[in-house]
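Undergrad: Before I ask anything, let me first share the structure, which is written out below as structure tokens.
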Amino acid sequence: MRALAVLAVIGFHAFPELIPGGFIGVDVFFVISGFLISTILFENLAAQSFSFLDFYSRRIRRIFPALILVLVSCYLVGWFVLLPDEYGQLGKHMAGGAGFIQNWLLWGESGYFDNVAETKPLLHLWSLGIEEQFYIIWPILLWLAYRLRLNLLTLTILTGLISFALNIHGISVKQDLVATFYSPQTRFWELAIGAVLAYLLLYPSPRWQSSWEAGKRMLCRVVWADPQSPNTDAANLFSYLGLTLIVLGAALINKTSAFPGWWALLPTVGALLLLAAGPHAHLNRIILSNRLIVAIGLISYPLYLWHWAILSFLRILAGETPLWWQRALGLLIAVALSYLTYRFIEKPIRFGKSPKWQQRKTIALIIVMLAIGGVGYNTHARDGLAFRFSKAIQSLLRYRYDGYKEAVREGTCDLLPYQSQGDFSDCGVTRDKKKKTIFLWGDSHAAHLYSGLHTQFGGDFNIIQRTASNCPPIIGLEVRYINFCKTINDANLELIRNEKPDIVILSANWPIYDWLRVKDTITQLQALGIPVIDLIGPAPHWKDSLIKQLYLHYRSNPFHGIPSRMKTGLNQNLDFYSIDSKMKAFAKTEGINYISISDILCNQEGCLTYMGNNFSVEKLINFDESHFTKNASDYVVSQFPPY
């Protein structure tokens, strides 16, 4: 079953188009872990042989060796290939991974399915954090309940039900998908499912046993009219049904699903049924006991650790999604490293030698892990150790654009993902009625135009800004992780109806949306009689960030300096040139104005990287992969046709 789980996960990470829901393998892991750990705990408590020291020592020798190797390897590779901000983030994630709080760190950064997540080599340690937090809390709860003579099964069921209820509440009521995905309290129910099964198999009470037998006979009669061997038939039915649920989950669930939520029942119940079927079920005996599958299961833990780190570094080095054969080669390397890790690191440390020697190994592993966490935190605190680079490029790499929040009026007129329409301040609504009014509407790619609009047209026009991060000006659109996008756009349309601006500017990061749906917005604006509608085309997108691409260009051509225009380093996956051409034709058909950012910034020699003749960081066009600096915003808007 471990093989089934890890193959689903690495399949999703390497080829998400083939296994869109493969990430549910982690949920299968959770059920397996809950089952195995709880079996050990229940047995030891019943035998009155449970020891916290022994339990945690075993977990340390199981978890730490491979994790230490992967953390150190990522740090060494990162030294040579990561920019200071990337290396600083890696250091933070090293510390989070060493302390098993990576899920909490990622909770505050971005979603598991965001594009930026692909460039975090230690992203996958979030699930290890969930498991270890369970391993810390669960033994204590069971031990206390045992000492107080409470029913352990009742405690386990209640824990699972409360956690599942929090999961549903987080998805359906709070609609906070990121927090629900990463929170231990909304994930513990998955491990509790395995724990319940462990208890029932160890201590089947007469009442539970009779209900269990009756259930098996009923299921068998549904499938087989006259089953001769109800136990075997039920086991076979459970195993095939369990595998079916897991396969359905991998096929039907995808990164847009409200997960975990109710969807998580597919992989978790599937895993429960496979475990309940036992070793004699046909599927478990023939397929899951196959030597190759068993071998993959043995290396599943190091394979889980290695595969994502390798795929992530490939993504970082390529600056875009690697080619299929590069990803396949990365997986082969991960398999080889996993076997070597299991054979020469895990087994020697985990097993063998005297108890005294095992104790020494445990202490040594703790010391090494603490040291790794300290190194990671130090790297983060020292801004990614920029001294690794020559002084000639340190000024570029140290550049931090601090003017964005003020330039776009973040949090008041450009809303953050968790804000709603009620968080807008006045943002130009109270205005000089003698002047004409421009209404700026869109996501952050509209917001970064505000500074330029204010500089160029603020003297003659009122400017109302109503922008929201990751929320394009598309009426009726629901955006994952942005709870209030639809209501924000509805409120904007109502404000336009009331205020009747002379010009409405629609701008967004069009390549990542179904931009043709903006037709609905345009139709409604035309119905309201808006005199001028300007559709702004997509801005050029760099792989990762412009600064990184300039550095990579400089590193490969150190004698040519920093170019003012570049073709290399543009993100071809988003294909903004093609979208720009299509949007031009679309705007002409709709009878509205079109302003091409591509025409302003790009020509046959490439796209502008900085303004003017001589390079300085203050003249950079972008401070990240696509957003304008204030100076760039002023320049771009100065090239707009006059109003």
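Undergrad: For the range 475-558, what log10 I(q)/I(0) values come out of the Debye formula at q = 0.14 1/Å, with one point per alpha carbon and no solvent?
TA: One equal scatterer on each Cα of the range 475-558 leads to -0.62.
Undergrad: Can you list the residues, at least 5 places off or on another chain, whose amide H is less than 5 Å from the amide H of ARG565, using H built in the peptide plane?
TA: So ARG565 has HN proximity to THR609.
Undergrad: Give a residue-ordered list of calculated ³J(HN,Hα) values for the range 21-31 (Karplus: 6.51 cos²θ - 1.76 cosθ + 1.60, θ = phi - 60°; whole Hz; x for Gly, Pro).
TA: x, x, 5, 5, x, 4, 5, 5, 4, 4, 5
Undergrad: Separate question: Which of ILE101, ALA8, LEU53 sits farthest toward the positive end of the charge dipole of the range 1-119, with +1 on the Cβ of Lys and Arg and -1 on the Cβ of Asp and Glu?
TA: LEU53
Undergrad: Restrict the search to the range 300-386; then list the chymotrypsin sites (Phe, Trp or Tyr not before Pro) that DSSP places in a loop and that have at most 14 other Cβ atoms within 10 Å of their Cβ.
TA: Listed in order of number, the matching sites are PHE351.
Undergrad: How long are the semi-axes of the ellipsoid equivalent to the range 375-509, from square roots of 5 times the Cα gyration tensor eigenvalues, in whole Å, largest first?
TA: Taking √(5λ) for each Cα gyration eigenvalue gives 35, 20, 11 Å.
Undergrad: Under a 1.4 Å probe, what is the accessible area of the chain per residue, stated in Å²?
TA: 45 Å²
Undergrad: Using θ = phi - 60° and the Karplus curve 6.51 cos²θ - 1.76 cosθ + 1.60, what whole-Hz ³J(HN,Hα) does each residue of the range 587-603 get, with Gly and Pro shown as x?
TA: Per residue, the Karplus-derived 3J(HN,Hα) values read 5, 5, 5, 7, x, 10, 7, 10, 10, 8, 5, 4, 5, 6, 9, 10, 8 Hz.
Undergrad: So what is the 222 nm mean residue ellipticity for the chain from helices alone, if each DSSP H run of at least 4 adds -39500 (n - 2.57) and you divide by all residues, rounding to the nearest 500 deg cm²/dmol?
TA: Helix-only estimate at 222 nm: -18500 deg cm²/dmol.
Undergrad: What Kirkwood hydrodynamic radius do you get for the range 49-103 when you take the inverse of the mean 1/r over all pairs of distinct Cα atoms, in Å?
TA: 12.7 Å
Undergrad: Moving to a separate point now. Leaving out ligands, DNA and RNA, what percent of the accessible area of the chain is carbon and sulfur, probe 1.4 Å?
TA: 61 percent
Undergrad: To continue, here is another question. Go from 0 up to the bin containing the longest alpha carbon distance in the chain, width 10 Å each, and give me the % of pairs per bin.
TA: All Cα pairs considered, the percentages come to 3, 14, 22, 22, 17, 12, 7, 3, 0.
Undergrad: Helix 2-14 versus the longest principal axis of the chain: what is the Cα-based angle in degrees, 0 to 90, to the nearest 10?
TA: That helix lies at roughly 10 degrees to the long axis.
Undergrad: Additional query: Could you check what % of the DSSP bridge pairs in the chain are antiparallel, to the nearest 5?
TA: 25 percent
Undergrad: Which pairs in the list LYS92/LYS391; LYS120/LYS486; LYS92/LYS619; LYS543/LYS588; LYS120/LYS361; LYS436/LYS582 are over 28 Å apart, alpha-carbon to alpha-carbon?
TA: Beyond 28 Å: LYS120/LYS486; LYS92/LYS619; LYS543/LYS588; LYS120/LYS361; LYS436/LYS582.
Undergrad: Same structure again: Could you run the Karplus curve 6.51 cos²θ - 1.76 cosθ + 1.60 with θ = phi - 60° over the range 518-532 and give me ³J(HN,Hα) per residue in whole Hz, x for Gly and Pro?
TA: 5, 4, 4, 5, 4, 4, 5, 5, 5, 5, 7, x, 5, x, 10
Undergrad: Also: How would THR568, THR521 rank on accessible area, largest to smallest, probe 1.4 Å?
TA: Most to least solvent-accessible, the answer reads THR568, THR521.
Undergrad: Also: Straight-line reach only, C-alpha to C-alpha below 16 angstrom: list the aspartates and glutamates that LYS567 could link to, leaving out same-chain residues fewer than 8 apart.
TA: Excluding near neighbours in sequence, the set is GLU320, ASP544, ASP575, ASP599, GLU605, GLU625.
Undergrad: State which stretch of the chain is the longest one without any exposed GluC sites (Glu not before Pro), exposure meaning a DSSP loop state and at most 10 other Cβ atoms within 10 Å.
TA: Maximal segment without exposed cleavage sites: 18-477.
Undergrad: Could you check how many percent of all C-alpha pairs in the range 492-643 are farther apart than 18 Å?
TA: Result for the distance tail: 61 percent.
Undergrad: Next question, about the same structure. For LYS436, which sequence-distant residues (separation of 5 or more, or a different chain) have an amide H within less than 5 Å of its own amide H, given hydrogens modelled in the peptide plane?
TA: Placed amide hydrogens put ASN462 under 5 Å from LYS436.
Undergrad: Note the direction-averaged projected area, equal to a quarter of the hull surface, for the Cα convex hull of the range 569-627, in nm².
TA: 5.1 nm²
Undergrad: For ALA539, which sequence-distant residues (separation of 5 or more, or a different chain) have an amide H within less than 5 Å of its own amide H, given hydrogens modelled in the peptide plane?
TA: TRP510
Undergrad: Taking the C-alpha atoms of the range 360-429, how large are the radius of gyration and the largest Cα-Cα span, Dmax, in Å?
TA: Looking at the range 360-429, its Cα Rg and Dmax stand at 21.5, 69 Å.
Undergrad: Please return the longest range in the chain lying between exposed loop sites, taking trypsin sites (Lys or Arg not before Pro), DSSP loop only, at most 13 other beta-carbon atoms within 10 Å, and leaving the sites out.
TA: Longest stretch, sites excluded: 175-352.
The values are calculated or read from the model by the stated rules, or taken from the named source; none is laboratory data. All of these numbers come straight from a predicted model, not from anything done at the bench. As a convention, Cβ positions derive from the backbone with ideal geometry for all residues, glycine included, and neighbour counts pool all protein chains shown. For the accessible areas, the whole protein counts, side chains as well, though only heavy atoms, and no ligand, DNA or RNA atoms are used. Shrake-Rupley method; radii C 1.70, N 1.55, O 1.52, S 1.80 Å.
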